[in-house]
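As structure tokens, the structure follows; a few thoughts come after it.
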Amino acid sequence: MNDKRYNWAVLGCGKIAAKFAADLALLPKARLYAAASRSLDNARSFAKEAGFERAYGSYEEMAADPAVDVVYVATPHALHKEHSLLCLRRGKAVLCEKAFAINAAEARDMVQAAKDHGVFLMEAFWTMFQPSFLATLAFINSGELGALRAVRADFAFKPPYDPKGRLFDPALGGGSLLDIGIYPVFAALVTLGAPDSIRTLASFGPTGSEESILVSLGYKDGRMASLASSFAAHSPTQAEFWLEKGYLRLNRHFNGPSSLSVGKPGEDERILRFEKGSGLGYELEAAHVMDCLDEGKIESELLPWSLSLSLMETLDRIRADAGIAYPGHDRT
């Protein structure tokens, strides 16, 4: 058994980084080593509260530290490529928060850098590691409920409006699609594959960022998906999978730890609940990263580069149909 401990650093000290760090602290093989921000005061405050040993007021200084083994990139979407490349080129393994990049071209550049430098890279799509989501995939693949014919998924909430914040600034990848709409798209892509056709309906807010979007995916064999996300209202945040002999429903907050409802004609609905881990659920992806590093891998078999690239390519197609633009990031 490999008993190596890995020195983790977080690049970007926002809310998601704080949640991730709290779960990371639960893993015996993880050492909370460094926190990096563009402000040394912010980095020191984050490091003190989260339990990191060192603080850096420069991303470059952190990436140059030879003791750092793995970096969790938690900056806005538009900065993911820049910050991932900074670390990959320094030989640091990277777990990059979703969306992997702001478009498929940037994601391809990141994957190529990982290949060129022989360094581990994975998108931090925590949904793929949740027992409830894995159980859903197992049900679908088992054939017990027949073939999957349709997916319906939503994610919506109304955040405080800040025109300069990452949720609303188009230059930072603002809009519901990359932040929360990515989850319904992911659920459809993993279960149905890349679509043959895409149709969208979108509304835009005062900053020009997309506020709400409805997405229809079509497949030549008649399968389909209906997906929605919004920053203008709240939704149940559920994912439904319609099969020939029944249905599956990932209940509220389907993107993370959830319960799974199983329905068959003429039978009462069953609800499967899964034992909650000691953390929020982010510890599962972090543990997987370290397992991959133990085995000398530079790519995860559970969440491979091909899946992240297909997801970004699908999101690009959705943006093109909806007329969503991110200034300074128009390369696809």
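The values are calculated or read from the model by the stated rules, or taken from the named source; none is laboratory data. In this text the structure is predicted, and so the values were computed from the model without any measurement. Note that we place each Cβ from the backbone using ideal geometry, even for glycine, and neighbour counts take in every protein chain shown. In case anyone asks, the SASA skips ligands and DNA or RNA and just uses the protein heavy atoms, side chains included. Shrake-Rupley method; radii C 1.70, N 1.55, O 1.52, S 1.80 Å.
Table: residues versus (1) free of Cβ contacts under 8 Å to residues at least 12 places away in the same chain; (2) not acidic (Asp, Glu).
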site: VAL119; (1), (2): no, yes
site: PHE125; (1), (2): no, yes
site: LEU134; (1), (2): yes, yes
site: ALA147; (1), (2): no, yes
site: PRO160; (1), (2): yes, yes
site: GLY165; (1), (2): yes, yes
site: ASP169; (1), (2): no, no
site: GLY174; (1), (2): no, yes
site: ASP179; (1), (2): no, no
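Residues of segment 30-65 being touching a helix residue (DSSP H, G or I) at 6+ places or on another chain (Cβ under 8 Å), surrounded by 15 or more Cβ atoms within 10 Å (Cβ to Cβ) and in a helix (DSSP H, G or I), which ones?
Within segment 30-65, PHE46, ALA50, TYR59, ALA63 meet the criteria.
Does PHE274 fit the bill of being closer than 19 Å to PHE133 by Cα, out of contact with any Asp or Glu (no Cβ under 8 Å at 6 or more places or on another chain) and open to solvent by 20 Å² or more (accessible area, probe 1.4 Å)?
Here the answer is yes, as PHE274 does meet what is asked.
Hey, any hits in segment 271-285 for a residue that's in contact with a Gly (Cβ under 9 Å, 6 or more places away or on another chain) and of a type in the set (D, E, K, R)?
yes
Name the single residue, out of those in segment 240-269 being of a type in the set (D, E, K, R) and outside any loop (DSSP other than H, G, I, E, B), that is nearest to GLY281 (Cα to Cα).
Checking each candidate, the answer is ARG249.
Do we find that ARG223 is farther than 23 Å from LEU315 by Cα and among the basic types (Lys, Arg) in this structure?
Taking the combined requirement at face value, the residue does not satisfy it.
Which residue pairs have Cβ atoms closer than 9 Å, lie 6 or more positions apart in sequence or on different chains, and pair a first residue in segment 231-247 that is more than 18 Å from ILE271 (Cβ to Cβ) with a second residue that is among the polar types (S, T, N, Q) and modelled with pLDDT of 95 or more?
Close Cβ pairs satisfying both conditions: PHE231/SER176; PHE231/SER209; PHE231/SER212; ALA232/SER176; ALA232/SER203; ALA232/SER212; ALA233/SER212; SER235/SER229.
Every residue in segment 26-47 that is in contact (Cβ under 8 Å) with a residue 60 or more places away in the chain and under 12 Å from VAL10 (Cβ atoms), please.
ALA30
Restricting to segment 263-283, what's the tally of residues that are among the hydrophobic types (A, V, I, L, M, F, W, C) and within 17 Å of ALA25 (Cα to Cα)?
Residues that pass the stated criteria total 1.
Tally time: how many residues in segment 188-233 are part of a strand (DSSP E or B), in contact with a helix residue (DSSP H, G or I) (Cβ under 6 Å, 6 or more places away or on another chain) and of a type in the set (Gly, Ala, Ser)?
4
So which of LEU315, LEU302 is farther than 21 Å from LEU137 by Cα and in contact with a helix residue (DSSP H, G or I) (Cβ under 9 Å, 6 or more places away or on another chain)?
Going through LEU315, LEU302 in turn, just one is farther than 21 Å from LEU137 by Cα and in contact with a helix residue (DSSP H, G or I) (Cβ under 9 Å, 6 or more places away or on another chain): LEU315.
Just need a number here: residues in segment 249-261 that are out of contact with any Asp or Glu (no Cβ under 7 Å at 6 or more places or on another chain) and open to solvent by less than 70 Å² (accessible area, probe 1.4 Å).
9
Taking only segment 190-229 into account, find how many residues are surrounded by 16 or more Cβ atoms within 10 Å (Cβ to Cβ), of a type in the set (A, V, I, L, M, F, W, C) and more than 25 Å from GLN130 (Cα to Cα).
5
Name the one entry in VAL111, VAL185, VAL94 that is of a type in the set (Val, Ile, Thr), farther than 25 Å from GLU269 by Cα and without any contact (Cβ under 8 Å) to a residue 60 or more places away in the chain.
VAL94
Considering only helices (runs of 4 or more DSSP H) fully contained in segment 70-187, which possess at least 1 residues that are under 23 Å from SER216 (Cα atoms), touching a strand residue (DSSP E or B) at 6+ places or on another chain (Cβ under 9 Å) and modelled with pLDDT of 95 or more?
131-142
Among the residues of segment 230-248, write down those that are more than 17 Å from the chain's Cα centre (by Cα), of a type in the set (A, V, I, L, M) and open to solvent by less than 10 Å² (accessible area, probe 1.4 Å).
If the condition is that a residue be more than 17 Å from the chain's Cα centre (by Cα), of a type in the set (A, V, I, L, M) and open to solvent by less than 10 Å² (accessible area, probe 1.4 Å), then LEU248 is the only one that fits.
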